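Notes for the one structure printed next.
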Amino acid sequence: METQPVSFCPSCGEREIELLAGGDYVCTKCKVQFYIVKSTPTLSAGGLELHREARRVLVDKREVLMTQREFKILEFLMLHRGVVLDRDTIIKAVWDSNINIDGHSVDVTVRRIRMKIEPDQRKPQYILTTRGIGYSFTDKTW
């Protein structure tokens, strides 16, 4: 089996995954089997556009400046659209070294992202909170 270090396990965020025959993958940590959906260089939802190669975010055609961490979290959530990701999974996938990083760091960063992309932060339409678990990205308009 070949190790595929490029992507993340959608279940636990582990970076080490193994390529199986037939193009599926299995996580070396949690043993979840999955396949990787190839993504386009631009992710979009409603008036939100994330240009992966250019590292740019546009809201209603206006550029929004983001830190590297904010960009990575938004990209990770958009790539896993509709999946509720717990804080530990986000930490493992986004922070290079997750020593001394806790769920509060994720909450603060998500709050800053919402301030930049959400039309109404009190009623978010892109990044939703599942109380006690984590966050998910949706492109449903309310």
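Every test in (1) at pLDDT 95 or above; (2) closer than 16 Å to T138 by Cβ is passed by L85 save one, and that test is (1).
With respect to M66, determine if the residue is surrounded by fewer than 19 Cβ atoms within 10 Å (Cβ to Cβ) and either touching a helix residue (DSSP H, G or I) at 6+ places or on another chain (Cβ under 8 Å) or more than 24 Å from P41 (Cβ to Cβ) (or both).
Values: surrounded by fewer than 19 Cβ atoms within 10 Å (Cβ to Cβ): no; either touching a helix residue (DSSP H, G or I) at 6+ places or on another chain (Cβ under 8 Å) or more than 24 Å from P41 (Cβ to Cβ) (or both): yes.
In short, no.
State whether one or more residues within the stretch 100-108 are among the charged types (D, E, K, R), modelled with pLDDT of 90 or more and closer than 13 Å to G134 by Cα. Yes, that holds for at least one residue. Among helices (runs of 4 or more DSSP H) entirely within the stretch 43-142, having at least 2 residues that are farther than 24 Å from S11 by Cα singles out 103-117. Of the candidates L77, L58, L85, the single residue that is surrounded by 11 or more Cβ atoms within 10 Å (Cβ to Cβ) and free of Cβ contacts under 8 Å to residues at least 24 places away in the same chain is L58.
Looking at the stretch 1-35, which of its residues are within 14 Å of F76 (Cβ to Cβ) and modelled with pLDDT under 65?
Of the residues in the stretch 1-35, the ones within 14 Å of F76 (Cβ to Cβ) are 6-15.
Once the filter is applied, which keeps residues that are within 14 Å of F76 (Cβ to Cβ) and modelled with pLDDT under 65, the stretch 1-35 yields V6, S7.
The values are calculated or read from the model by the stated rules, or taken from the named source; none is laboratory data. Just so you know, these numbers come straight off a predicted model, no measurement behind them. Using ideal geometry, Cβ is built from the backbone for each residue, glycine included, and neighbour counts are taken over all protein chains shown.
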